[in-house]
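Chemist: My structure is below; once you've seen it, I'll send some questions.
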Amino acid sequence: MYFTELFIPGTVLVSEKKGVSLSNSSEYLQPLRVAMLFAVPLLYLAAAALASWRAARVCTALALSLAAASTALLVLGGPVVSTGANLFGLGQLGAFTLNVRADAVGAAVLLLVTFIGWVITRYSQTYMDGDAGANRYARWLMATLAAVATVIITNNLAILALAWLATSLSLHQLLTFFSHRPAAMIAAHKKFLASRLGDMCLFGGVVLVGISLGTLEIDQVATKAQALTAFPAGLTAAVYLIVISALLKCAQLPVHGWLIQVMEAPTPVSALLHAGIVNLGGFLLIRLSPLVSEVAGAQTLLVVAGSVTAAVAALVMMTRISVKVMLAWSTCAQMGFMLMQCGLGAYELALLHLVAHSLYKAHAFLAAGGAVEQARLKAMTPAPDPLTVSMMVIGAVSGLAMVAAAGLLWGVALDEFSALWVLAAVLSLALSPLLTAQALRLGGLWPLGMMLGAFSIALAYFGLHHAFGGLVNVPESVANSFDLVWVMLCFVLLFAMQCLIRARPHGAVASRLYPWFYAGLYLDEWFTRITFRIWPARLTQTLTPTSSGVAK
């Protein structure tokens, strides 16, 4: 991997007059940039207070414009961290401050969130048209976006933790929008408990960071952490708590069930959750990568939990026919893969994954209504010839050769057993269907076109790695051999299992495994029993009219 220093000496200056950290850009632009960042969550809060669709449309459009303008100024002027007024001190922990941070990671994610928020708001207005609770829905949608924007722009860990808590609480109002649906209430209840546990871990980690380093400012935390020769026990424990919080918030096994079952909420809420909010765990780890990358055990925890979740969720997806449920399991798997990338130290690829997954999943949920049409078209298409295991293995080997060639063209040495090559090998397995099923189904010259397409994907993968590497500047981190070997074994076994099931869908292995994976290995049932013993859900009984008009 090619990593650069998080903070390059001499590139950041502090202005005592303005109270703003400056880069090489003109000094007068810095207050404007800070004001733009502050304005984004304030616009969402204003729309929440007004609770009307007109205000929501205007404010989301303005927020998107400000995020785009802030990104343009970042390109021209470089990063900036404001030094705003302290709200109040926390003793040796530091203080609550209103500092905001404008850097490449924050700009990319803020632009992503404001764009998705703008799209979902426009979609929601049509979707909720005529519903009696439409204004209440608009209020909590805007409040959720305000909290997410605060998580992204803040430079203070205490504010970040509080904003993340606010994100979860406001989202809870959207998940329970249809309070007469027991399934929706149960899923939201489980999500509430898992999130509160994650919040406790995050707040505990923030307190330990403050005690260990004497500050809660993210830029200062990174600087002080890099200056340490060894992490004290308190700081190491803080990293573990932050990692556990990210795992809980990203719905990793075995606390994943709520993410699958919140489909009872309005479709735009599902899109907002799966395309935006659930990704905040990855954003947190990228933000605090100078801490996480120094604790090998925490990285291994991310790798093991993320890879197992990704592999199991991918197998469960093969048993599902419901489009939205399949998309939910896909999110679970993609979150596992993103956290695994963070554990391997590939933070630039994790950011790429976050952006790509968010855009794809927002479109997938909002376009889920076209599933019936797609199913009809598929039914009218002749069934493709069944694939054999040998054909799929040939496809994987061909994909590996293309990925290796693309890596060499980008100047990546083959003698490095690095996270980049391990993840590229996983990509080669993902290219196998493109080189076998699609190519054989189309026939003619299409196999050659599929090969060129696969090679183009491999080239783009390495190119985007270099591009996002310039956005995510983290200390050099080399994944340990256990983590790399574990990832390879997980995905090779996943590929072998998928090949066997696709080649013999009615064989003995598939028949025995199908009930287990259809049930998600019964992990959610176990988690549900535990949560209901700790804190049972209270379901409201409502009267619903029957076809004869008599309430029942």
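Chemist: When A147 is evaluated against the numbered criteria (1) more than 17 Å from V278 (Cβ to Cβ); (2) outside the structural domain of L291 (by TED's automatic domain parsing), which criterion, by number, is the only one it fails?
Modeler: Tallying (1) more than 17 Å from V278 (Cβ to Cβ); (2) outside the structural domain of L291 (by TED's automatic domain parsing), A147 fails exactly one: (1).
Chemist: When residues of the range 4-50 are filtered for being among the basic types (K, R) and at pLDDT below 50, how many remain?
Modeler: Final tally of qualifying residues: 2.
Chemist: From the list L359, L288, L351, L284, pick out the single residue that is within 22 Å of L193 (Cα to Cα), at pLDDT 90 or above and either of a type outside the set (D, E, K, R) or outside the structural domain of L493 (by TED's automatic domain parsing) (or both).
Modeler: Details: L359 fails: within 22 Å of L193 (Cα to Cα); L288 fails: within 22 Å of L193 (Cα to Cα); L351 fails: within 22 Å of L193 (Cα to Cα).
Of the residues listed, the single one that is within 22 Å of L193 (Cα to Cα), at pLDDT 90 or above and either of a type outside the set (D, E, K, R) or outside the structural domain of L493 (by TED's automatic domain parsing) (or both) is L284.
Chemist: Still on this structure, please answer the following. Just to check your reading of the model, which residue among V262, V209 is among the hydrophobic types (A, V, I, L, M, F, W, C) and at pLDDT 90 or above? Working first, answer last.
Modeler: Values: V262 fails: at pLDDT 90 or above.
Answer to the check: V209.
Chemist: More than 17 Å from the chain's Cα centre (by Cα) and over 27 Å from W516 (Cα atoms): which single residue out of G282, G297 fits that description?
Modeler: G297
Chemist: Restricted to the range 478-507, and to residues that are touching a helix residue (DSSP H, G or I) at 6+ places or on another chain (Cβ under 8 Å) and of a type outside the set (A, V, I, L, M, F, W, C), which residue is farthest from V412 (Cα to Cα)?
Modeler: Across the range 478-507, the extreme among qualifying residues is G507.
Chemist: So which residues in the range 223-251 are among the small types (G, A, S) and over 20 Å from G297 (Cβ atoms), if there are any at all?
Modeler: Of the range 223-251, the ones among the small types (G, A, S) are 225, 227, 230, 233-234, 237-238, 245-246, 251.
A227, A251 - these are the residues of the range 223-251 that are among the small types (G, A, S) and over 20 Å from G297 (Cβ atoms).
Chemist: Can you tell me which residue in the range 188-228 is surrounded by the fewest Cβ atoms within 10 Å (Cβ to Cβ), limited to those that are of a type in the set (K, R) and over 16 Å from E294 (Cα atoms)? Show your work before the answer.
Modeler: At the first step, the residues of the range 188-228 found to be of a type in the set (K, R) are 190-191, 196, 224.
Next, only the ones that are over 16 Å from E294 (Cα atoms) stay: 190-191, 196.
Details: K190: 24, K191: 23, R196: 15.
Among those that are of a type in the set (K, R) and over 16 Å from E294 (Cα atoms), it is R196.
Chemist: Right, next: Can you name every residue in the range 51-73 that is crowded, with 17+ Cβ neighbours inside 10 Å, at pLDDT 95 or above and of a type in the set (A, V, I, L, M)?
Modeler: Across the range 51-73, the qualifying residues are A55, A56, L62, A63, L64, L66, A67.
Chemist: Also, quick follow-up: Working carefully through the options T229, T223, T215, find the one that is among the hydroxyl-bearing types (S, T, Y), within 25 Å of L98 (Cβ to Cβ) and not in a helix (DSSP H, G or I).
Modeler: Details: T229 fails: within 25 Å of L98 (Cβ to Cβ); T223 fails: not in a helix (DSSP H, G or I).
Sole residue among the options that is among the hydroxyl-bearing types (S, T, Y), within 25 Å of L98 (Cβ to Cβ) and not in a helix (DSSP H, G or I): T215.
Chemist: Please go through the range 285-318 and give me each residue that is surrounded by fewer than 19 Cβ atoms within 10 Å (Cβ to Cβ) and hydroxyl-bearing (S, T, Y), ordered by number.
Modeler: Across the range 285-318, the qualifying residue is only T300.
Chemist: Pairs, please: C-beta under 6 Å, at least 6 apart or cross-chain, first residue farther than 13 Å from L157 by Cβ and in the range 77-98, second assigned to a strand (DSSP E or B) and modelled with pLDDT under 75?
Modeler: V80/S21; V81/S21; S82/V20
Per-residue answers, yes or no, for (1) aliphatic (A, V, I, L, M); (2) surrounded by fewer than 23 Cβ atoms within 10 Å (Cβ to Cβ); (3) within 18 Å of A46 (Cα to Cα):
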{"residue": "L76", "(1), (2), (3)": "yes, yes, no"}
{"residue": "A107", "(1), (2), (3)": "yes, no, no"}
{"residue": "L111", "(1), (2), (3)": "yes, yes, no"}
{"residue": "F177", "(1), (2), (3)": "no, yes, no"}
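Chemist: Against the conditions (1) modelled with pLDDT under 90; (2) in a helix (DSSP H, G or I); (3) closer than 21 Å to S307 by Cβ; (4) in contact with a Leu (Cβ under 9 Å, 6 or more places away or on another chain), where does A454 fall short? Just the number, please.
Modeler: (3)
Chemist: Checking the structure you have, find out if any residue of the range 183-201 is more than 30 Å from G133 (Cβ to Cβ) and modelled with pLDDT of 95 or more.
Modeler: Yes, that holds for at least one residue.
The values are calculated or read from the model by the stated rules, or taken from the named source; none is laboratory data. Note that this is a predicted model, so its numbers are computed, not measured. Quick reminder, even Gly has a Cβ in these numbers, built from the backbone with ideal geometry, and neighbours come from all protein chains shown.
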